[in-house]
Amino acid sequence: MAAETVQIHEHHPLDGLNTFGLPASARFFAAPDSEAGLQSLLASEMARDFPLMILGGGSNVILAGDFPGLVIQPAMKGIRCLEATAQDYLVEAAAGEVWHDFVQYALAQGWYGLENLSLIPGSVGASPIQNIGAYGVEITDFFDSLTAVEVASGKQREFTHAECRFAYRDSVFKQELADRYIITRVRFRLQRMPAVKIAYGDIQKELSERGIENPSPQQVADAVIAIRQRKLPSPADIGNAGSFFKNPVVSLEKCRQLQQQYPALVAYPQGADMKLAAGWLIDQAGWKGRRMGPVGSYEKQALVLVNHGGATGHDVLALAQAIQADVLQRFGVELEMEPRVYGVAN
Ligand code: FAD
Ligand code: EPU
């Protein structure tokens with residue numbers, strides 16, 4: 001079979017390809033729309049001689065400067081049902097599909113389970129990277145398997161659920177396999193019978209206010225969308241990357257010590273440990289709504305850092321470091337960044 005050629009752009013702007021709206025460009029940029037195209041791209045001299053960055057919707061990256069190599073944005077499209085059983089559907093979505101559109105499409109087909117993950121920005125291909133989660137659901141709950149192409153060999157490989165090693169905002173693709181595989185297709189087992197999850201956060205309250213007692217999955221999705229639109233800034237209006245830090249997990253002992261000093265501390269059990277609300281810590285430290293140059297902590301959600309206009313990666317990282325140092329000093333808790341940083345700040 002003849003190798004597929006993929007167009008490679010030189011000095012390609014990335015400003016519009018990251019939701020923080022940071023200025024950066026790629027030395028080379030390509031958006032293969034098939035696995036064969038991706039494989040021929042990986043076999044090219046450019047892919048072998050230059051550093052690679054895999055970019056989805058750019059909603060969980062901080063571009064700290066220009067990228068000196070090849071940026072590959074998987075652009076494969078397609079959603080199909082591979083198998084229907086009495087209980088569920090095995091559904092496959094290509095990496096370049098927009099996550100929220102996939103969730104909405106699935107609901108319209110009667111494939112249930114992902115409704116609480118509505119409106120999370122980004123691509124299907126990135127969804128396993130940090131095991132995206134919201135409102136009491138993570139993709140690990142419905143994930144079946146995925147197909148990826150190995151960067152070094154161009155070979156296709158399937159990953160089972162266990163091989164992905166999903167955890168809170170984590171997977172094998174953020175650990176030892178980081179940058180080694182490009183995910184091209186993701187498969188989910190979605191339910192035939194709805195089993196809505198409404199216990200988390202404000203969902204129940206939102207549904208009650210709408211006078212809904214026995215919600216359909218679409219009504220749960222609509223409630224989640226409304227809550228998210230109230231709490232989180234839309235990247236279309238103000239640049240951001242969602243939660244900037246992970247919620248830190250601390251020992252029960254450490255949590256109890258903090259609770260003695262701060263009775264209002266927000267903490268949830270996480271196995272034998274406790275997960276603290278980073279937003280609460282940052283808020284208590286006085287950062288909510290505060291600006292540092294062109295960046296700041298969002299006025300309605302302290303955990304979200306925002307670009308008030310004209311920010312560079314340097315500005316974002318300086319603010320992040322100031323918050324990390326302050327929270328460490330006040331509470332003795334380390335905050336780990338959620339987005340991945342690329343390039344060197346200029
Ligand atoms: P990118 O930001 O482009 O990339 C993220 C990482 O994944 C990079 O390291 C990249 O190299 C890698 N990657 C991307 N695609 C592939 C691929 N095909 N193969 C291999 N590696 C790949 N996250 C949540 O979990 N829950 C939320 O509720 C949530 N809310 C958000 C709200 C807002 C307003 C924003 C801006 C972000 C939010 N996020 C949330 C973070 C973000 O939406 C997710 O992390 C999302 O999965 C990122 O997808 P992306 O396509 O934009 O990935
Ligand atoms: N809080 C404050 N002040 C703030 C912000 C939050 O006191 O400024 C308190 C809230 O009152 C609440 C607690 O902190 O008691 C948690 O806040 P919230 O419910 O807004 O959720 P979160 O823990 O900040 C997490 C995820 C989000 C996800 C929501 C809903 C992480 C790092 N963040 O946010 O994911 O959408 O729960 O499930 O786990 C993302 O990862 O980018 C993201 C947006």
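The values are calculated or read from the model by the stated rules, or taken from the named source; none is laboratory data. Worth saying up front: this structure is predicted, and the values here are computed from it rather than measured. Note: ideal-geometry Cβ built from the backbone for every residue, glycine included; neighbour counts use all protein chains shown. The area values use the complete protein model at the heavy-atom level, side chains included, leaving out ligands, DNA and RNA. Shrake-Rupley method; radii C 1.70, N 1.55, O 1.52, S 1.80 Å.
So here's what we get for this one:
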{"quantity": "Segment ARG180-GLU334, length gained on full extension (0.36 nm per residue, minus Cα span)", "calculated": "52.6 nm"}
{"quantity": "Mean residue ellipticity (222 nm) of the chain, computed from DSSP H runs ≥ 4 via -39,500 (n - 2.57), nearest 500", "calculated": "-7000 deg cm²/dmol"}
{"quantity": "Heavy-atom surface of the chain, accessible at 1.4 Å and reported per residue (Å²)", "calculated": "46 Å²"}
{"quantity": "Net charge contributed by nearby residues that have their C-beta within less than 13 Å of PRO215 (K/R +1, D/E -1)", "calculated": "-2"}
{"quantity": "Cα-based shape type of the chain, given that a ≥ b ≥ c are square roots of the gyration tensor eigenvalues and the cut on a/c is 1.5", "calculated": "oblate"}
{"quantity": "Residue-span extension gain [LYS205 to ALA108] - 0.36 nm each, minus C-alpha spacing", "calculated": "32.5 nm"}
{"quantity": "The chain: most fluctuating residue of LEU303, LEU258, LEU117 per GNM, C-alpha cutoff 10 Å", "calculated": "LEU258"}
{"quantity": "Overall Cα dimensions of segment 79-191 - principal axes, largest extent first, Å", "calculated": "39, 28, 23"}
{"quantity": "Accessible carbon and sulfur surface of segment 194-322 relative to its total accessible area, %, 1.4 Å", "calculated": "47 percent"}
{"quantity": "Antiparallel DSSP beta bridges within segment 25-111, percent to nearest 5", "calculated": "40 percent"}
{"quantity": "Under the span-like rule (Cα at least 18 Å along the axis, Kyte-Doolittle mean at least -0.5), DSSP H helices of the chain", "calculated": "217-231, 313-331"}
{"quantity": "Distance cut-off 19 Å, percentage of C-alpha pairs in segment 24-86 lying past it", "calculated": "41 percent"}
{"quantity": "Protection-proxy order for peptides 156-162, 294-300, each taking the mean of Cβ atoms within 10 Å per residue, highest first", "calculated": "294-300, 156-162"}
{"quantity": "Summed side-chain charge close to ALA318 - residues other than ALA318 whose Cβ falls under 15 Å, Lys, Arg +1, Asp, Glu -1", "calculated": "0"}
{"quantity": "Within the accessible area of segment 9-72 (1.4 Å probe), percent carbon and sulfur", "calculated": "52 percent"}
{"quantity": "Under 18 Å from the Cα of LYS174 - lysines, other chains or at least 8 residues apart", "calculated": "LYS246"}
{"quantity": "Label-point separation in nm, GLN7 to GLN87, each point 7 Å along Cα→Cβ", "calculated": "4.7 nm"}
{"quantity": "Across LYS205/LYS231; LYS77/LYS155; LYS205/LYS288, pairs whose alpha-carbon gap is larger than 22 Å", "calculated": "LYS205/LYS288"}
{"quantity": "Separation of the GLN218 and ALA272 label points, Cα + 7 Å toward Cβ, nm", "calculated": "4.7 nm"}
{"quantity": "Partners for LYS197 among aspartates and glutamates (Cα-Cα distance below 18 Å; same-chain residues under 8 apart left out)", "calculated": "ASP88, GLU115, GLU138, ASP141, GLU206, GLU209, GLU213, ASP222"}
{"quantity": "Most mobile listed residue (VAL306, VAL71, VAL266) in the chain, GNM with C-alpha springs under 10 Å", "calculated": "VAL266"}
{"quantity": "Antiparallel bridges, percent of DSSP beta bridges restricted to the chain (to nearest 5)", "calculated": "85 percent"}
{"quantity": "Cα lying deepest toward the dipole's positive end in segment 79-191, options LEU90, GLN104, VAL172, charges on Cβ", "calculated": "VAL172"}
{"quantity": "Which of ALA277, ALA264, ASN247, positive extreme of dipole for segment 239-345 (C-beta unit charges)", "calculated": "ALA264"}
